[in-house]
Each structure stands twice: as structure tokens, then as C-alpha cells.
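Undergrad: Have a look at this one before I ask anything.
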Amino acid sequence: MKKFINDILNINYPINPSLIENDARFQERLAVACYYRIKIIGSCAVFLYIFSNVMDYHLPVEQFLQIFILKILVIFIFLYAILFLPAGKGINFYNIAGAAFLWLTAALINAIIIHLTGGYDSYWVMSLSMVMVVASLYPWQLRYEIPAQFITYLFYIVPSLILDNPFNEGVHPFIVNNFYFVGFMFVSASLSYIQYRWLMVDFYLYINLLESKNELESSKESLLMRKREAEEKTAELEKTVSDLSRTKQALLNIMEDLRNSKKEMEETNIQLKKYDLLKSEFLANISHELRTPLTSVIGFSRLLMDDNSLSPDKKEYLTIISQSSNNLLNLINDLLDISKVEAGEMELFVHPTDINFTISNTIYSLSPMITEYKHTVVEQLDQSISEIEADPRRVQQIVSNLLVNAVKYTPQGGQITVTSTNSYDEVWVTVRDTGVGISPENLGVIFDRFRQVDGSTTRKFGGIGIGLDLTKALVNMHGGRIWVESEPGKGSAFTVALPKKYKGKEQKD
Ligand code: ADP
């Protein structure tokens, strides 16, 4: 109750009332309320006029008829106005209509009747106060209500004053009636204003509710949106999960396949190793078997060459037989070495080795071949190199292989330069030629076994592609390195780096 009164008296308003009053939505609601109030007030007035006819029995007969006709007229005017009052108009329209109702009643009937029935002394004062009470149903601001009530009040004062004898029954009724009227005026104005303020509170509550509803709606909307998003995400996740499980299954299958392949490969590997061993054994055996007759051929052809009774032609044939047999023997020896390296049976007999001497010696031993190709060999040997720890026979084999290749792959009349260099804890031996060179794409494969740049049967140069493979294996066994630099058409340079101190058997790539 206290809150209600506070609300009405504008003490605890949470927002400025003028904000509500200026709000177009409030004006609209107020106009609608006023439209219905005017209909209610009009209906009350019509009812009261019909009822007031009872009081008219106290009137003299000549006045009764006059007043009766007047009242009927007013009732019809009211009924017409009530029935055809237009809806949907602004608040100003209804304020004027409300005032028109009030004054029409007051002016048309009460003022005339009060005048006719004795002014201040008239008991129709009561009837006019009824009009004021009914008017209090209309929600009006005080600034409209008080003047409206005051004007109504004038409809009592003015007709009383223009009577011939306004104070017919003395001053007493004048004082009482005026007090009565002024009191009524304030009660009526307050009631009207209270209703106006109540409509404001009602509007405020309505707006709050509306906003809460809107907020709820938008929260609901955003919640629904979130729900939809969550549902979409869930669907996506579910899809991802099923994709993942499919991928997992596929991976498991691949793993299974890989395991099987690995097993197969392991089995193949074992098989291959077995074959490899067989092959090495075969190579060792066949090499051994071939070497024995070859040694005889070489030995006997040398013996025959010493026979001076032979014609020069036959000596020439014997030289060819001897050279070819030597080449064959070298090839067989290389094959035997390769199979030894593979079987891990190759052993190094490490001694202090004079590299420069080994180089010169190798060049000397290959001089028939060098002469045949009409090459010039230049030795650039670093004399500061002291003996290194290596297997002299194998070092000679390394240099020999590189030299033979340089001779083979250089067109007649070329130049071969053999260099030895001191390099910290290593000695570098380089065999450089001015030959055909090697294309960049072949540089990576020439150290592979049986790999030849020209592998066709119609190739120009002899050999089976094991020389560099064996050379590399021997260099690795010494803990050294081998590399090549080459340019097609310009020549190649093979360099072997051998450690000065032998560090034991090492395998390097
Ligand atoms: P091959 O018995 O064929 O000479 P190698 O293993 O000694 O086998 O050499 C492999 C290949 O490397 C050769 O076929 C050749 O094409 C290439 N090669 C080796 N040395 C030289 C070089 N000095 N100049 C050009 N090509 C070379």
C-alpha cells in the first residue's frame, strides 16, 4: 500500500515521469484509456439524468415540462456522441471531447435548472456535484483538471449571481454550497489526477514487462542459435570422429600390410643373403679355378716369348695372349676381392707405406698401357709426405684402378696428372685426366657395383663396373674417403683421402 502511494505521489519513481509523459507510446495508451472513459462517463451521465427525473417531481409543473424536454435532448445528444465517438484519435482530441461532455452537461442542464430553481438555494447543487464526481473518472493532469472543474463551478456561481434575489434564504446556503463545491472540486481533481498517475505507473510496469519480454525473446533467440550451433558442431565432431575411426581402421590395415610386407621382406632378405653367400662362394671357387689355368697361360706365353727362333708375327700374337690373360687375371682378382669384401674376409696388412713410391711404382707398372694410349702422365708428388700406416698392396690397387680408368676414359694423347698432397692428418691422392668426363646425373652412381655410364654391349671401353666399387671398399677399410669432380668433355679428378694413422677396420660410405 505504501509503495502504491509512493508510486502515485511520484516519490520513488525509478525514472523521470516527464520521460513517461513524453513517450509517444504512453500518449497512445492514454488516448485509448480516455476514449473508453468518455464512453463510460457518458453512459453514467445518461443513467444519472434518467434517474434525476425522479427528483423533478418536486418541480412546479410548468418547469417540469421545460426541464424534461431539455434532459431528453441532452440524453440524445450524449447517446449520439457516445455511439459515434471516433476511436484512434490523439489525447488532445479526447481531452477536448471530455471537457465538452463536462461543460455540456453543466451548462445545458445544471446551470439552467439551478437558475430556474433558486440559484444558491437550489437543491440542484447536488446534481451538479454529481457531474463533477463523474468527471473525476476521467484521467486528467491537474493543469487541465483544475481549470475544467473551475469552469464547471462557474456554472453554479454565474446563474446564481444573475438571479434577482440570489440570497433568498440568507447567506448560509451560499457559504455551505460554496464550501461543498470547492471541496468537491478538489476531491474530483485529485481522483482524476490519481488515475492519470496510475496510468503512468501502469505504463511503466507495462514497458518494463515488454522490455523483459523482449530481452527474454532475444535471449531465447540467442540460446536457440547457440543450440543450433552446438548441434552443428556436434554433428561435425561426430563426422570427424567417424572419419578418424575410418582413418584409424585404414591405418591399422596399412600397418598390418606393412607388418606382412616386413615379414616377407625379412624372409626375402634371409633368402637373398643365402643366395649372396652362395654367389660369393661360387665367385671364389670359379675365380680360383680360372686363375690356375690362366697363370699357366701367362707363364708359358712368357717362356715362349724368350724363344728367339719365333717369327715377329708369332711374337706379336704371344704378346696379345699375354696381355689379354693379364687383363683377365686382374678381372678375376677384382671379383675375388669383391667377394672377400662382401664375406668380410678381406684383411689389410698394415705397414708403413711410402705413398709417393707406391704412386710412381703403379705408374711404372702401367706404362705399357699408358704408352699404348699415347698419354702423358705428370707426377706432382709432395715430398714432405712421410710414410703412412696402410696396406701398400691395397693402396697400389686403389691408385692402379683410378689410373686404369683415367687411361681408359681419356682419348688417345691425353694428359693424366697424379698428385699427392699433405692435408693435416690425411694424405690426398688425386688422379686427374683430360678425358670424356662424367655427367652430373651419373656422378652419384659410378661407385655402385656393376654400374657403368655406358652399360650397353656395344660400349667403347672394357670393364664390368666393379673397379670403383672395390676401390671405395678398400678406401673405406683404411678409414679414408673418396670423391670425384668431373665435367663432361673436360675430364675427371678422383681424389682419395687416406688417414696417416690407421685406426682399425672401418666401413664408411
Ligand atoms: P669399369 O670397369 O666400367 O671401368 P668402374 O667401376 O671402374 O667400372 O667405373 C664405373 C664407371 O665410371 C665407368 O663405366 C665409367 O663410365 C665411369 N668412370 C670411371 N672412371 C672414369 C674416368 N676417369 N673418366 C670418365 N668416366 C669414368
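Undergrad: Report, to one decimal in Å, the Kirkwood hydrodynamic radius for the stretch 28-116 based on all distinct Cα pairs. Working shown, then result.
TA: Working: mean 1/r = 0.0718 Å⁻¹.
Mean inverse Cα-Cα distance, inverted, gives 13.9 Å.
Undergrad: At 0.36 nm per residue, minus the direct Cα-Cα distance, what do K213 and N16 gain on full extension? Give it in nm, one decimal, please.
TA: Details: separation 197, 0.36 × 197 = 70.92 nm, distance 2.23 nm.
Roughly 68.7 nm would be gained on extension.
Undergrad: Taking 2.2 N^0.38 Å as the expected size of a compact globular protein, what ratio does the Cα radius of gyration of the stretch 303-369 give against it, to two decimals?
TA: Values: Rg = 17.3 Å, N = 67, 2.2 N^0.38 = 10.9 Å.
Expressed relative to 2.2 N^0.38 Å, the Cα Rg reads 1.59.
Undergrad: On the Cα set of the stretch 221-348, report Rg and Dmax in Å, please.
TA: In order Rg, Dmax, the Cα atoms of the stretch 221-348 give 35.8, 122 Å.
Undergrad: Would you please put 71-80, 154-163 in order of how densely packed they are, using the mean number of other Cβ atoms within 10 angstrom per residue and starting with the highest?
TA: Result, highest mean Cβ count within 10 Å first: 154-163, 71-80.
Undergrad: For the chain, count all C-alpha to C-alpha pairs, find those more than 36 Å apart, and express that count as a whole percent of the total. Display every interim value, and only then the final one.
TA: Numbers: 83462 of 129286 pairs.
Here the long-distance tail beyond 36 Å is 65 percent of all Cα pairs in the chain.
Undergrad: Largest first, please: the extent of the C-alpha atoms of the stretch 184-244 along each principal axis, to the nearest Å.
TA: Between the extreme Cα coordinates on each principal axis of the stretch 184-244 lie 87, 7, 6 Å.
Undergrad: OK, next. Please turn the phi angles of the stretch 413-422 into ³J(HN,Hα) values with the Karplus equation 6.51 cos²θ - 1.76 cosθ + 1.60 (θ = phi - 60°), one per residue in order, whole Hz, x for glycine and proline.
TA: Per residue, the Karplus-derived 3J(HN,Hα) values read x, x, 10, 10, 10, 10, 10, 10, 9, 8 Hz.
Undergrad: Quick query: amide H of D391 versus all other amide H atoms, modeled in the peptide plane; which residues come in under 5 Å with a sequence gap of 5 or more or a different chain?
TA: H351
Undergrad: Roughly how many nanometres apart are two label points built 7 Å out from the Cα toward the Cβ at E345 and D382?
TA: Label at E345, label at D382, 3.8 nm between them.
Undergrad: Label points 7 Å out from Cα along the Cβ direction at K273 and Q141: separation in nm?
TA: 10.9
Undergrad: Among the listed pairs K273/K501; K274/K490; K274/K501; K315/K408, which have their C-alpha atoms separated by more than 32 angstrom in this model?
TA: Working: K273/K501 34 Å; K274/K490 44 Å; K274/K501 36 Å; K315/K408 25 Å.
Where the Cα-Cα span goes over 32 Å, the pairs concerned are K273/K501; K274/K490; K274/K501.
Undergrad: Moving to a separate point now. What percentages make up the Cα-Cα pair-distance distribution of the stretch 139-238 when the bins are 10 Å wide from 0?
TA: Once binned at 10 Å, the Cα pair distances of the stretch 139-238 give 13, 21, 16, 12, 10, 9, 8, 6, 4, 2, 0.
Undergrad: Percentage of Cα-Cα pair distances in the stretch 2-220 greater than 23 Å, rounded to whole percent? Please report the intermediate quantities before stating the final value.
TA: Values: 12840 of 23871 pairs.
Counting every Cα pair in the stretch 2-220, those more than 23 Å apart make up 54 percent.
Undergrad: To the nearest 0.05, how large is the calculated FRET efficiency for N53 and I77 if R₀ is 25 Å and r is the Cβ-Cβ distance?
TA: The computed FRET efficiency comes out at 0.90.
Undergrad: Moving on. Students often forget the sequence filter, so: which aspartates and glutamates lie under 19 Å Cα-Cα from K71 once same-chain residues fewer than 8 apart are removed?
TA: Partners within reach: D56, E62.
Undergrad: A further question follows. Using a 7 Å offset from the Cα along the Cα-to-Cβ direction at both N422 and K262, what is the distance between the two label points in nm, to one decimal?
TA: 5.3
Undergrad: Stretch V484-E238 to full length: gain in nm at 0.36 nm per residue minus the Cα-Cα span? Walk me through the intermediate numbers first.
TA: Details: separation 246, 0.36 × 246 = 88.56 nm, distance 5.90 nm.
Length gained between V484 and E238: 82.7 nm.
Undergrad: If I stretch the segment between K315 and M255 completely, what's the gain in nm (0.36 nm per residue apart, minus their alpha carbon distance), one decimal? List each step's numbers first, then the result.
TA: Working: separation 60, 0.36 × 60 = 21.60 nm, distance 6.98 nm.
Going from the current span to full extension adds 14.6 nm.
Undergrad: Using only DSSP helix segments of four residues or longer, with each worth -39500 (n - 2.57), what per-residue ellipticity at 222 nm results for the chain after dividing by its residue count and rounding to 500? Before the final figure, lay out each step's value.
TA: Values: 15 runs with 332 residues, N = 509.
Estimated from H runs of four or more residues: -23000 deg cm²/dmol.
Undergrad: Counting residues in the stretch 349-499 as N, plug N into 2.2 N^0.38 Å and put the Cα Rg over that result.
TA: Numbers: Rg = 14.8 Å, N = 151, 2.2 N^0.38 = 14.8 Å.
That works out to 1.00 for the stretch 349-499.
Undergrad: Okay, moving on. Taking a temperature of 37 °C and a viscosity of 0.692 mPa s, what whole-number D in µm²/s does Stokes-Einstein yield for the stretch 224-295 with Rh from Kirkwood over alpha carbon pairs? Before the final figure, lay out each step's value.
TA: Details: Rh = 17.7 Å.
Estimated diffusion coefficient is 186 µm²/s.
Bear in mind these aren't lab numbers, they're just calculated from the coordinates by the rules spelled out. The shown structure was predicted, so the numbers you read here are calculated from the model rather than taken from an experiment. Cβ coordinates were reconstructed from backbone atoms using ideal geometry, including for glycine residues, and neighbour counts include every protein chain displayed.
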